[in-house]
Amino acid sequence: MLPSDVAIAITSRCNARCSMCSVWQSDLPDRLTPAHIAKLPGSLRTVNLTGGEPFLHPQLPDFVSAVRSHLPRAVTTISTNGLLSDRIEQMAPDLLSRDRHLRIAVSIDGLGQVHDRIRGIPGSFDRALGTVEQLKRISAKKFAGLRLAMTLSQANSDQLLAVADLAQKLNLELSLVPAHASEVHFLTSQTPPPQMSTLLPQLEVFVSCLLRSASPRQWLRAHFADRVKKYLTGSLPKFSCRAGRDFFFLQSDGTVYPCNVCSPALGNIIEADFDRIWFSSAADSARCSLAKCTRQCWMVCTARSYYRAHPLDVLFWILAHKASAHWRDLFSRKS
């Protein structure tokens, strides 16, 4: 039983001061190097290079090359706040030459000053949007992996549809995830929930719009967004967490965790082989404990695991809700 997905914080350094994350206060050393990628299992199918801010790491292109070389079947995504516009513009052609299937997700958490307040940096929205526009120019006809990413929090409860409209104007997909508390990664013990009376109607519209798309990827995003709604309202159907089984989190100091939310540490990839860590008694104990976890997190890693385990459930949901959306549209036109 080897994992399929990993999030790797290649650095804990960050140039943002986000309201829902305190990773910028971390004093963890950046001990991971591209050479350590060779120690990861060949079973991995998705690799998220994150941080901190990954573009602060001078060896980011080498990390991308290492993943492509040692994990050739994995899809790599770089998650960035987009603040380092000039560096990203200079580095992007090199990154794409190393991995033509590379994906880049740029965080946009609201329009204008809303995004600036959340990210804690004046002018961060304009810089992030400028980065997106630069990447669109550089990557035109080269890769289709650019998207916007939105973290839902109390500070942007009224911004979902505005960001969705922006993504549509830019002809980009929008991924979203609710903010999660994490002392392992985000250095937060709690996150104030969004204003649900404001957010829920927007989620309903967002899901309906995605279902009307002709793209199956957007239908999956609709299902994910519907589960975000259920997670935030405490009505998410119970499922067994697969952290430490299907996915794991690799910290910048080399520590392996079951996920980026939960402890305990399983071991350190710099000091031990992956198999020794993954099949240790500590890992077995953590997996048994996490299988009973009541947090019911809904993030990309947990969703991928759920989709692989329950493809028919997801398919039936999509078919039923697309049919419902079709009949609503039909009756709306007749009226």
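The values are calculated or read from the model by the stated rules, or taken from the named source; none is laboratory data. This one's a predicted model, so the numbers in the text were calculated from it and none came from an experiment. Positions of Cβ are generated from backbone atoms using ideal geometry, with glycine treated the same way; all protein chains shown enter the neighbour counts. These area figures cover heavy atoms from the full protein model, side chains too; ligands, DNA and RNA do not enter into them. Shrake-Rupley method; radii C 1.70, N 1.55, O 1.52, S 1.80 Å.
At 7 Å along Cα-to-Cβ for each site, give me the label-to-label distance between residue 169 and residue 295 in nm. Going from the residue 169 label point to the residue 295 one covers 3.7 nm.
Comparing mean-square fluctuations of 158, 284, 116 from a GNM of the chain with C-alpha springs under 10 Å, the top value falls on 284. Full extension of the chain segment joining residue 204 with residue 133 gains 22.7 nm, where the gain is 0.36 nm per residue of separation less the Cα-Cα distance.
Which aspartates and glutamates have a Cα less than 17 Å from the Cα of residue 169, not counting those fewer than 8 places away in the same chain? Here the aspartates and glutamates satisfying the reach criterion relative to residue 169 are 109, 126, 133.
Fully extended, how many nm does the chain gain between residue 236 and residue 94 (0.36 nm per residue separation, minus their Cα-Cα distance)?
The residue 236-residue 94 span can extend by a further 46.9 nm.
Taking a ≥ b ≥ c as the square roots of the Cα gyration tensor eigenvalues, segment 158-217 comes out prolate, since a/c reaches at least 1.5 and a/b is larger than b/c. Taking trypsin sites (Lys or Arg not before Pro) in DSSP loop states with no more than 10 other Cβ atoms inside 10 Å as exposed sites, the chain has its longest site-free stretch at 142-237.
Ordered from highest to lowest accessible area with the whole protein assembly present and a 1.4 Å probe, 30, 109, 126 read as 126, 30, 109.
On the chain, 53 percent of the accessible area sits on carbon and sulfur atoms, based on a 1.4 Å probe. A 1.4 Å probe, protein heavy atoms only, puts the accessible area of residue 204 near 90 Å².
Taking amide H as placed 1.01 Å from N in the peptide plane, residue 267 has its amide H under 5 Å from the amide H of 256, each at least 5 places away in sequence or on another chain.
Using a 1.4 angstrom probe, figure out how much accessible area the chain has per residue, in square angstrom, rounded to the nearest whole.
Heavy-atom SASA per residue in the chain reads 45 Å².
Here the gap between residue 263 and residue 113, fully extended at 0.36 nm per residue and compared with their Cα-Cα distance, gives a gain of 50.5 nm. In whole angstrom, note down how far apart the Cα centers of segment 147-168 and segment 255-323 are. First find each Cα centre; the distance between them is then 26 Å.
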